[in-house]
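The values are calculated or read from the model by the stated rules, or taken from the named source; none is laboratory data. Bear in mind that the values here come from a model prediction, so they are computed numbers and not experimental data. Methodologically, a virtual Cβ is constructed for each residue, glycine included, from the backbone with ideal geometry; neighbour enumeration extends over all protein chains shown.
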């Protein structure tokens, strides 16, 4: 079983913006994932799913160069993790401390252009402002340009984070639960912005989420992590009762209605919930 965990999806691309080969992630005697092979092609959207603690955020941290895998090799935007600069955009989870930020909206977005280096120079200042203003307009957040972040709603701040991640026109976009704590309207807005970047600019997207339904129209493949194992492939191949039941070691049923996936755990109070934050059929 473990030798054939990948389920056929798109063909591998030799120059993939994201390449993970034979990667393991372990903490002591606990294995989050093992033997992970993943190539994300230009313009491909890969949703990363799985329960809490399955290693989704750890995978993003590896790609950002913040953690080193226990085994295997990783390349992001043609460089070692953490070495690609503005060629990699990152949208983090919302955090409670965001309410305290006095940083203005345009300053936050500008960090996506040069936050990894010092100094812009006078001649570049005008060009920088134009690019920041364009990014703010793209996410319909121009009115928040000079407003302190702490005075904005969660959805308004998340739009700014999307602009920050996209302002440098990255080759790779890494998203860590960007829809968390957003209402349905803001979920749709953020999802459409990211899908447009994938479609129009050919940006490779790795999107960690508990809920695939808001982004399902843009998803090309799903990487599902749990219990130290994984499956990779088209959503309709991975999000099935037999596949998830095998991963969890307990009966799991997947219903699809109105273009949405609904995951139902097996009977009994001790069954795990694959998606604690997702819609589940009654």
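Structure notes:
- Filtered residue count, the range 222-264, keeping only those that are surrounded by fewer than 17 Cβ atoms within 10 Å (Cβ to Cβ), part of a helix (DSSP H, G or I) and touching a strand residue (DSSP E or B) at 6+ places or on another chain (Cβ under 7 Å): 2
- Pick from the range 58-70, criterion surrounded by 18 or more Cβ atoms within 10 Å (Cβ to Cβ) and in contact (Cβ under 8 Å) with a residue 60 or more places away in the chain, ranking: farthest from residue 243 (Cα to Cα): 63
- Top-ranked residue in the range 1-41 [being touching a helix residue (DSSP H, G or I) at 6+ places or on another chain (Cβ under 9 Å) and assigned to a loop (DSSP other than H, G, I, E, B); ranked as modelled with the lowest pLDDT]: 1
- Comparison of 206, 216 shows that the only residue that is in contact with a strand residue (DSSP E or B) (Cβ under 8 Å, 6 or more places away or on another chain), surrounded by fewer than 22 Cβ atoms within 10 Å (Cβ to Cβ), modelled with pLDDT of 90 or more and not in a loop (DSSP other than H, G, I, E, B) is 216.
- Checking residue 91 against (1) closer than 22 Å to residue 218 by Cβ; (2) at pLDDT 95 or above, the condition it does not meet: (2)
- Selected residue (criterion: surrounded by the most Cβ atoms within 10 Å (Cβ to Cβ)) from residues of the range 165-189 that are in contact with a strand residue (DSSP E or B) (Cβ under 8 Å, 6 or more places away or on another chain) and in a helix (DSSP H, G or I): 165
- Just one of the listed residues (96, 125) is over 23 Å from the mean Cα position of the chain (by Cα), at pLDDT below 90, at negative phi and loosely packed, with under 14 Cβ neighbours inside 10 Å, namely 125.
- For first residues located in the range 190-210 and over 22 Å from residue 56 (Cα atoms), partners that are surrounded by fewer than 20 Cβ atoms within 10 Å (Cβ to Cβ) and lie 6+ apart or on another chain with Cβ distances below 6 Å form the pairs 202/42; 202/43.
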